[in-house]
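What follows is one structure encoded as structure tokens, with my remarks underneath.
The values are calculated or read from the model by the stated rules, or taken from the named source; none is laboratory data. No experiment lies behind these values; they were computed from the predicted model shown. Here Cβ is always computed from backbone atoms with ideal geometry, including for glycine, and neighbour counts include all displayed protein chains. Accessible surface is based on the protein model in full, side chains and every heavy atom, while ligands, DNA and RNA are left aside. Shrake-Rupley method; radii C 1.70, N 1.55, O 1.52, S 1.80 Å.
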There are 2 protein chains.
Amino acid sequence: MNEVTSRLAEYVLAARLEDIPPDVRKEARRALVNYVGCALGGSRHEAVDITLAALGPLGGPATSAVLGRRERTDPMLASLLNGISSHVHDFDDTTPRNYIHPTSPVASALFAYAGSRRVRGADLELAFILGFEAVSRIGNATYPAHYDAGWHSTGSIGVFGAAIAIGKLLGLSHRQMVWAIGLAATQSCGLREMFGSMAKSFHPGRSAQSGYMAALLAQQNFTAGVQAIEGPRGFAAVQSSAYDLARITHRLGSDFELRVNAYKPFPCGIVVHPTIDACIQLRERHRIDPQHIAAVRLRVAPLVKDLCDKRDIGTGLEGKFSAYHAAAIGLVRGKAGLGEFTDETVNEPLVRQVRSRVESTGDPAVPEDGVRVEVELADGRRFGIELDHSLGNLERPLSDTQLEAKFLDQSSVLTEARARELISACWRIEELDDVSGLVALAVPDA
Amino acid sequence: MNEVTSRLAEYVLAARLEDIPPDVRKEARRALVNYVGCALGGSRHEAVDITLAALGPLGGPATSAVLGRRERTDPMLASLLNGISSHVHDFDDTTPRNYIHPTSPVASALFAYAGSRRVRGADLELAFILGFEAVSRIGNATYPAHYDAGWHSTGSIGVFGAAIAIGKLLGLSHRQMVWAIGLAATQSCGLREMFGSMAKSFHPGRSAQSGYMAALLAQQNFTAGVQAIEGPRGFAAVQSSAYDLARITHRLGSDFELRVNAYKPFPCGIVVHPTIDACIQLRERHRIDPQHIAAVRLRVAPLVKDLCDKRDIGTGLEGKFSAYHAAAIGLVRGKAGLGEFTDETVNEPLVRQVRSRVESTGDPAVPEDGVRVEVELADGRRFGIELDHSLGNLERPLSDTQLEAKFLDQSSVLTEARARELISACWRIEELDDVSGLVALAVPDA
């Protein structure tokens with residue numbers, strides 16, 4: 001595999017949209033719908049405000065819109081901002097084979113690019129598919145060693161996808177694309193030590209920005225090492241104690257990792273998703289009045305006890321990692337959007353009351369993607385449910401309608417009419433002559 | 001050592017220039033003289049031209065001068081450009097304990113900062129000393145494992161120094177400085193696989209820029225992990241298989257790594273420095289006319305045979321790693337500045353003739369920093385020299401006068417009068433009310 005960088009570049013440059021199977025193109029649009037919704041949902045987060053305040057004054061000519069914001073800036077800074085907003089609620093997509101969130105670093109650069117230069121929707125969709133594919137395959141080739149070592153691969157691998165996607169749009173030559181991949185590799189970074197702080201969302205943003213820069217430099221013939229992935233001191237050797245680089249090029253152009261992309265239905269720790277899902281189903285099926293709940297008994301996989309066993313919580317952030325809160329909002333609200341993980345909701349009397357009545361037991365017989373729930377009402381009636389696959393996982397993917405509902409739940413910065421127009425533009429992206437029109441729809445009115 | 005990040009931040013924030021011993025402050029100024037000369041010398045390199053062409057149009061308000069250039073740009077892009085120019089000829093300083101070039105990432109950010117905000121020379125000197133110290137100590141704590149793994153530590157560790165230096169000037173609080181170090185750690189990158197390409201010089205540049213960004217974000221309270229260096233998934237654990245973090249804080253404020261900083265006399269592979277040095281001495285001592293040289297016999301450390309054994313060369317870059325070329329220019333030119341490593345010089349008839357008459361033998365008895373040279377003239381006379389320590393190493397540091405000569409040799413973008421004025425401003429930096437005046441001297445006239 002001493003030519004993997006070169007072969008990857010070759011494939012990316014040769015690929016045409018008509019060579020991509022229709023189901024993959026459809027999945028790309030689903031990923032973009034999910035992505036734009038997440039970017040809108042995170043666009044007012046403090047981390048975005050701070051980044052704009054700190055770096056906006058140093059930004060270049062303001063050609064590019066930022067998703068969900070009225071401020072404009074240069075495309076590299078816009079890449080950073082889009083990356084932060086789309087990941088800051090941990091609500092973006094995940095490829096379960098390697099736990100990377102591949103869309104954020106790639107699409108964040110692409111939509112920023114679309115602000116600075118005219119780009120056809122079909123070209124952007126293709127560049128996105130190729131960037132996503134590169135991230136996922138490099139991720140597969142180095143998983144789990146790279147992630148286990150402490151790298152936040154969404155950033156440390158995402159940078160390759162951003163460079164490749166922007167490089168594709170720029171029309172790089174083969175050697176330029178090889179250099180772009182090299183300049184991406186040598187900017188690969190992002191430590192899991194940052195989890196729990198704003199710096200986590202900085203990772204996809206910075207990787208989008210760094211990949212963008214890599215492509216711009218390569219376009220002007222800034223040279224880099226040509227075996228950046230496979231070389232003796234390249235990305236794989238340095239940043240992954242074990243790897244199988246054949247996975248990067250095996251059936252390239254035939255197999256597509258977009259087919260195994262997953263969309264979170266709930267903006268919280270993935271291990272409590274089955275609990276939320278089950279409790280929503282119980283509530284609907286039995287028309288449970290949360291006022292009358294006497295007890296909730298969860299049987300969960302032991303991993304859930306390890307990660308999300310805190311009942312006595314006070315903040316929205318804590319709520320994202322509490323199986324007790326998960327059960328409570330499922331039963332009280334019948335949904336779990338951004339509004340269910342605010343400090344207010346966590347402290348709402350009825351939510352607190354139900355949460356206090358939840359008990360949780362670890363049970364190795366329960367699959368990690370499942371749960372057993374029993375609800376007992378004040379009148380003694382009991383309702384139970386057994387779930388083995390949670391909504392949003394590959395066995396039970398979100399429908400297009402559910403993706404749209406997730407989008408609308410996050411798009412309060414826009415009017416509903418505008419949000420629906422934007423969703424429609426994402427579905428029709430292959431037909432768009434210029435993606436800047438789509439990006440403009442994501443900018444709130446004054 | 002679970003508070004090393006916090007303690008480092010604490011020290012940096014408390015440090016005052018009057019607490020720094022005079023010899024260390026003097027050495028800081030020597031490092032800055034050496035740095036500014038190198039930045040001038042590299043300022044017209046293609047890598048700088050390309051970066052300006054690629055990224056200049058996306059740069060922000062042009063507050064900052066770039067050393068050696070007439071273009072102005074924003075301070076973060078100026079940091080990148082200064083970092084590239086000052087390292088691109090591999091002529092900047094080195095701390096022999098860890099082979100880092102610490103000044104480039106730190107000073108590149110500082111002189112860019114001085115373009116955008118008023119900063120007193122004494123404050124810049126202090127910030128430089130602290131940034132240099134942080135880089136060197138983190139380097140010592142993780143050497144050799146971090147470097148051996150394939151990291152170009154000038155970039156991957158330089159980023160800490162840039163963040164700390166800029167953070168010191170911005171007046172960060174303790175928690176902000178901890179975040180700045182965290183945001184630096186999570187941008188630590190730079191692969192040795194890039195050696196031999198322009199991307200090598202990109203490393204100190206990008207680390208200067210990333211460190212600058214880290215400090216700006218932290219100033220606005222962008223949060224990061226607070227154990228970025230020592231945490232279980234922090235910099236040391238992830239990027240170094242072995243480390244001794246006590247070296248970061250041991251005798252902090254008492255011992256200074258600037259005392260063991262070394263300045264290269266020649267812009268080429270360090271292992272051929274003894275050969276150049278010895279040949280210059282032979283030429284001067286015996287008034288050798290290179291036309292009459294019949295044979296040159298080198299006895300070198302085996303390492304030199306491993307790394308620099310190519311006689312048949314055609315480019316300046318190859319000349320930097322050829323013991324044969326090293327001997328030839330020492331004997332023909334009596335010096336080895338940037339002009340001795342051009343394609344023209346490598347192909348000059350007399351240089352070629354002498355180079356063809358050089359023989360080289362590996363000898364384990366010769367120290368790595370030494371050489372044995374015998375020159376035989378056409379008339380049969382023979383002159384020999386044994387060198388055990390080469391000029392520029394800690395045992396034989398460059399004098400202030402030699403540093404100035406090195407500066408002048410690299411400052412062809414300025415008039416000699418202007419270059420001398422700039423050197424003088426560097427020596428007097430502690431007295432300067434505003435460093436922007438010094439930076440302005442480094443900008444060529446139209």
Condition first: away from every other protein chain (no Cβ under 11 Å) and open to solvent by less than 40 Å² (accessible area, probe 1.4 Å). Can you find one or more residues in region B:43-50 that meet it? yes
Filter region B:211-226 down to residues that are surrounded by 24 or more Cβ atoms within 10 Å (Cβ to Cβ), in contact with a Lys or Arg (Cβ under 9 Å, 6 or more places away or on another chain) and not aliphatic (A, V, I, L, M), then give me how many there are. 1
All-but-one check, B:G171 against (1) surrounded by fewer than 24 Cβ atoms within 10 Å (Cβ to Cβ); (2) in contact (Cβ under 8 Å) with a residue 60 or more places away in the chain, failing number (2)
Any residue that is open to solvent by 40 Å² or more (accessible area, probe 1.4 Å), away from chain B (no Cβ under 11 Å) and assigned to a loop (DSSP other than H, G, I, E, B) - is there at least one of those in region A:245-253? yes
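Looking for something within 22 Å of A:P144 (Cβ to Cβ) and either more than 7 Å from every other protein chain (Cβ to nearest Cβ) or more than 16 Å from the chain's Cα centre (by Cα) (or both) - is there at least one such residue anywhere in region A:204-213?
First pass over region A:204-213, keeping only residues within 22 Å of A:P144 (Cβ to Cβ): A:204, A:207.
From what's left, either more than 7 Å from every other protein chain (Cβ to nearest Cβ) or more than 16 Å from the chain's Cα centre (by Cα) (or both): A:204, A:207.
Checking region A:204-213: at least one residue is within 22 Å of A:P144 (Cβ to Cβ) and either more than 7 Å from every other protein chain (Cβ to nearest Cβ) or more than 16 Å from the chain's Cα centre (by Cα) (or both).
Yes or no: B:G316 open to solvent by less than 10 Å² (accessible area, probe 1.4 Å), in contact with a Phe, Trp or Tyr (Cβ under 8 Å, 6 or more places away or on another chain) and small (G, A, S)? Please lay out each step first, then the result.
Numbers: open to solvent by less than 10 Å² (accessible area, probe 1.4 Å): yes; in contact with a Phe, Trp or Tyr (Cβ under 8 Å, 6 or more places away or on another chain): yes; small (G, A, S): yes.
So B:G316 passes the test.
Scan region A:18-29 for residues that are in a helix (DSSP H, G or I), open to solvent by 20 Å² or more (accessible area, probe 1.4 Å) and touching a residue at least 12 places away in the same chain (Cβ under 8 Å) and jot them down.
Restricting attention to region A:18-29, the residues satisfying the condition of being in a helix (DSSP H, G or I) are A:18-19, A:22-29.
Filter again for open to solvent by 20 Å² or more (accessible area, probe 1.4 Å), leaving A:18-19, A:22-23, A:25-27, A:29.
Within region A:18-29, A:D19, A:D23, A:R25, A:E27, A:R29 meet the criteria.
A quick yes/no check of all residues on (1) at pLDDT below 95; (2) more than 17 Å from A:E3 (Cβ to Cβ); (3) within 14 Å of chain B (Cβ to nearest Cβ); (4) surrounded by 21 or more Cβ atoms within 10 Å (Cβ to Cβ):
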{"site": "A:P232", "(1), (2), (3), (4)": "no, no, yes, no"}
{"site": "A:L258", "(1), (2), (3), (4)": "no, yes, no, yes"}
{"site": "A:C268", "(1), (2), (3), (4)": "yes, yes, no, yes"}
{"site": "A:V271", "(1), (2), (3), (4)": "yes, yes, no, yes"}
{"site": "A:P274", "(1), (2), (3), (4)": "no, yes, no, yes"}
{"site": "A:E284", "(1), (2), (3), (4)": "no, yes, no, no"}
{"site": "A:A294", "(1), (2), (3), (4)": "no, yes, no, no"}
{"site": "A:R299", "(1), (2), (3), (4)": "no, yes, no, no"}
Tally up the residues in region A:301-312 that are out of contact with any Ser or Thr (no Cβ under 8 Å at 6 or more places or on another chain) and either closer than 30 Å to A:R29 by Cα or open to solvent by 20 Å² or more (accessible area, probe 1.4 Å) (or both), please. 5
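Which of the residues that make up region B:1-17 are within 28 Å of B:E431 (Cα to Cα) and assigned to a loop (DSSP other than H, G, I, E, B)?
So the first thing to find is which residues in region B:1-17 are within 28 Å of B:E431 (Cα to Cα), and the list is B:8-17.
Scanning region B:1-17 gives B:A15, B:R16.
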Working only within region B:342-389, note down all residues that are of a type in the set (A, V, I, L, M), open to solvent by 10 Å² or more (accessible area, probe 1.4 Å) and within 30 Å of B:H45 (Cβ to Cβ). B:L350
Given (1) touching a residue at least 60 places away in the same chain (Cβ under 8 Å); (2) open to solvent by 10 Å² or more (accessible area, probe 1.4 Å); (3) in contact with a helix residue (DSSP H, G or I) (Cβ under 7 Å, 6 or more places away or on another chain), where does B:L58 come up short, assuming only one miss? (1)
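Going through region B:251-265 one residue at a time, which ones are among the polar types (S, T, N, Q) and without any contact (Cβ under 8 Å) to a residue 24 or more places away in the chain?
Hit for region B:251-265 is B:S254, nothing else.
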Scanning region A:390-427 for residues that are aliphatic (A, V, I, L, M) and assigned to a helix (DSSP H, G or I), the one most open to solvent (accessible area, probe 1.4 Å) turns out to be A:A417
Exactly one condition in (1) in contact (Cβ under 8 Å) with a residue 24 or more places away in the chain; (2) closer than 25 Å to A:T95 by Cα is false for A:F222; which is it? (2)
Residues satisfying the stated conditions in region A:181-203, i.e. touching a residue at least 40 places away in the same chain (Cβ under 8 Å), facing chain B (nearest Cβ under 8 Å) and open to solvent by 10 Å² or more (accessible area, probe 1.4 Å): A:R192, A:E193, A:F195, A:M198
For region A:344-351, state whether one or more residues are under 25 Å from A:N34 (Cβ atoms) and under 23 Å from the mean Cα position of the chain (by Cα). no
If I filter region B:103-139 down to residues being open to solvent by less than 10 Å² (accessible area, probe 1.4 Å) and among the polar types (S, T, N, Q), which single residue comes out as nearest to B:V66 (Cα to Cα)? B:S108
State the number of residues belonging to region A:260-270 that are within 18 Å of A:G316 (Cβ to Cβ) and assigned to a helix (DSSP H, G or I). 1
Filtered residues of region B:214-230 (kept if more than 25 Å from the chain's Cα centre (by Cα) and either more than 7 Å from every other protein chain (Cβ to nearest Cβ) or assigned to a loop (DSSP other than H, G, I, E, B) (or both)): B:A218, B:Q220, B:N221, B:F222, B:T223, B:A224, B:G225, B:V226, B:Q227, B:A228, B:E230
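So, in region B:380-389, exactly how many residues are part of a strand (DSSP E or B) and without any contact (Cβ under 8 Å) to a residue 12 or more places away in the chain? Reasoning before the result, please.
Step one: list which residues in region B:380-389 are part of a strand (DSSP E or B), which gives B:382-387.
Narrowing further to those that are without any contact (Cβ under 8 Å) to a residue 12 or more places away in the chain: B:382.
Residues in region B:380-389 being part of a strand (DSSP E or B) and without any contact (Cβ under 8 Å) to a residue 12 or more places away in the chain: 1 in total.
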